[in-house]
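Worksheet: the structure to be examined is printed underneath.
The values are calculated or read from the model by the stated rules, or taken from the named source; none is laboratory data. Because the structure is a prediction, the values reported are computed rather than measured. Cβ placement follows ideal geometry from the backbone for every residue including glycine, while neighbour counts extend to all protein chains displayed. Side chains are part of the model used for accessible areas, which takes the heavy atoms of the whole protein and leaves out ligands, DNA and RNA. Shrake-Rupley method; radii C 1.70, N 1.55, O 1.52, S 1.80 Å.
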Amino acid sequence: MEIVQSITKGSGPIPILDSGIPVSQYCPINLSKDNRELNSINVSDAKECQDYVDVVLKRNGSRVAYGGYLEKRNLYGDSERFKGQEPRDIHLGMDFWCEAGTQVLAPLDGAVHSFANNSDFGNYGPTVILRHQINGNSLYTLYGHLSLESLEGLYMGKVIEKGESFAFLGTPDINVGYAPHLHFQLVLDLDNYQGDYPGVCSEKDLIYFRKNCPDPNLLLGYPF
Ligand SMILES: [Zn+2]
């Protein structure tokens, strides 16, 4: 956790999407089970989820809706991926809901660690993991629900500079089955994963995962 805070103290919001969208056009969104506005909405349906995102964006006069770290969600119930004895419904990243095609910017200097198209329904679709070196330690950042084009021309070790546009948000057919958004997650110990890492966990695994995947907003510094 200190590793993340040490990078960012006082640096203000770091753009993670198209820098042409000012931070004043970002607003928070609550997709947790506790949000009563979602009672009549099936948020695991991409269209219904997008309609709700649009309502929130319109209400706030915004272009990007964001949030979701450690949110307990109903978003994963329909997918075979998440069926099991213990529901994996606690979200470990921060989501940025915005139009497909929006540029994704690197928040730190780094290099490509790995990438993959995790194309089974309910997974991330095209995914990139960057590795950053901070005071001799590695920090990984994961970007999920990208476009297929985002993976073209990548190779392990490719240098990506802070602020560089290196990927784009994917459409629901590619991302796989979600309204367009970026899933952004910090990972301290990647545990041999390549191009993938769990983005949700169960209550019983939360102590480990919340420590290994610190709040992305400690790095990004958005106001909510
Ligand atoms: Zn997410």
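Is it fair to say residue 194 is more than 29 Å from residue 57 (Cβ to Cβ) and either free of Cβ contacts under 8 Å to residues at least 60 places away in the same chain or touching a helix residue (DSSP H, G or I) at 6+ places or on another chain (Cβ under 6 Å) (or both)? Answer is no for this residue.
It is to be established whether one or more residues within the stretch 198-211 are within 21 Å of residue 63 (Cα to Cα) and within 15 Å of the chain's Cα centre (by Cα). Taking every residue of the stretch 198-211 in turn, none turns out to be within 21 Å of residue 63 (Cα to Cα) and within 15 Å of the chain's Cα centre (by Cα).
Of the residues making up the stretch 62-89, those that are at pLDDT 95 or above, open to solvent by less than 20 Å² (accessible area, probe 1.4 Å) and within 11 Å of the ligand (Cβ to nearest atom) are 66, 67, 68. One residue stands out in the stretch 143-166 among those that are hydrophobic (A, V, I, L, M, F, W, C) and farther than 11 Å from residue 126 by Cα: the one that is nearest to the ligand (Cβ to nearest atom), namely 166. Restricted to the stretch 137-192, and to residues there that are in a strand (DSSP E or B) and open to solvent by 10 Å² or more (accessible area, probe 1.4 Å), the residue that is farthest from residue 18 (Cα to Cα) is 137. Here residue 117 meets each of (1) open to solvent by 10 Å² or more (accessible area, probe 1.4 Å); (2) assigned to a loop (DSSP other than H, G, I, E, B); (3) polar (S, T, N, Q) with one exception, condition (2).
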